[in-house]
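For reference, the structure discussed in these notes is given below.
The values are calculated or read from the model by the stated rules, or taken from the named source; none is laboratory data. All values derive from a computational prediction rather than experimental measurement. Glycine gets a Cβ as well: all are built from the backbone with ideal geometry, and neighbour counts include every protein chain shown.
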Amino acid sequence: MKRTLSLFAAAAVAVAIAGCSEQPQTIGNTGYKADAASFQGTGKPYAAPGWKQGDKTSWEQHLKTRTQNGQNDYTKVN
């Protein structure tokens, strides 16, 4: 009985210690291309309407429009 209880206690301690370890947080292969410019796009079909992937001027225009319409509080008030 005493041996079973000590084995159970040792197993409980081992499980508690294993639960406290930190898992590695790596990006892995998610398809994200960190070395590509933002305006190059992802090649996926869900891009913003009117924006042509790979066109830097179009990308900058969309960012400027989005900033003015969505993040500029002065245009929201008027």
Exactly one condition in (1) loosely packed, with under 10 Cβ neighbours inside 10 Å; (2) at pLDDT 75 or above is false for Trp51; which is it? (1)
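Identify, from the list Ala34, Ala11, the residue that is among the small types (Gly, Ala, Ser) and modelled with pLDDT under 80. Reasoning before the result, please.
Details: Ala11 fails: modelled with pLDDT under 80.
Answer to the selection: Ala34.
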Residues of the stretch 17-31 being modelled with pLDDT of 70 or more and either in a loop (DSSP other than H, G, I, E, B) or within 30 Å of Asp55 (Cβ to Cβ) (or both), which ones? Cys20, Ser21, Glu22, Gln23, Pro24, Gln25, Thr26
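Name the residues in the stretch 40-55 that are touching a Ser or Thr at 6+ places or on another chain (Cβ under 7 Å) and farther than 13 Å from Arg66 by Cβ, would you?
Residues of the stretch 40-55 that are touching a Ser or Thr at 6+ places or on another chain (Cβ under 7 Å), as a first pass: 51-52.
Answer for the stretch 40-55, where residues must be touching a Ser or Thr at 6+ places or on another chain (Cβ under 7 Å) and farther than 13 Å from Arg66 by Cβ: just Lys52.
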